[in-house]
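Visitor: Before we start, here is the structure in question, set down as structure tokens.
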Amino acid sequence: MKIAYASMAEQQEEIEDLLDALRCDILPMYLTVEELDAYVEMGLLQFNDHNTQYNGTLREAYQLMTALHTLITIIGLVNRCTEQELGQYRNLYDRNVHIINHFGLFFPIVMDRFRMQEDEHESEMLFSSPMNRILA
């Protein structure tokens, strides 16, 4: 007999917080509103079984949280790394995207999409559209 521990509400909240950070804070810096809307329509960072929250074991919850944290970190570092580091980050990025997809989240964005020229990144930060259309 094998005993599996279900994830706790705290882990589920942390997963939702990480997903919200990606959806609302990070991705809008690199994608246009139209691109983001198209990805959301395809199910970006949504569980494929139409659950609104993660529902799995404690171990799986920690694996998913770690993969999300790793992706967020890599996205933040990809514009400041050397070509040698870029190869290492690419392997790590791909592995963590695979983990996220394995747990039922849809994340089709390749790492190169987050790699921008410095002047492109600065202008995108200055003129990005608000995520919440009520504020506009």
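Visitor: Open to solvent by 60 Å² or more (accessible area, probe 1.4 Å) and at pLDDT 70 or above: which single residue out of ASP119, ASP37 fits that description? Can you show your working first?
Guide: Working: ASP119 fails: at pLDDT 70 or above.
After applying the criteria, what remains is ASP37.
Visitor: For region 66-77, indicate whether the set of residues that are at pLDDT below 90 and open to solvent by 50 Å² or more (accessible area, probe 1.4 Å) is non-empty.
Guide: The answer is yes; a qualifying residue exists.
Visitor: Do any residues in region 70-82 that are closer than 17 Å to ARG95 by Cβ have Cβ atoms under 8 Å from those of residues that are polar (S, T, N, Q), where the two are at least six apart or on different chains, and which pairs are they?
Guide: THR70/ASN96; LEU71/ASN96; ILE74/ASN96
Visitor: Being polar (S, T, N, Q) and under 14 Å from the mean Cα position of the chain (by Cα) is the filter here, so list the residues in region 64-80 that pass it.
Guide: THR66, THR70, THR73
The values are calculated or read from the model by the stated rules, or taken from the named source; none is laboratory data. Every value quoted in this text rests on a predicted model; they were computed, and no experiment measured them. Positions of Cβ are generated from backbone atoms using ideal geometry, with glycine treated the same way; all protein chains shown enter the neighbour counts. Areas reflect the complete protein model, heavy atoms only, side chains present, ligands, DNA and RNA absent. Shrake-Rupley method; radii C 1.70, N 1.55, O 1.52, S 1.80 Å.
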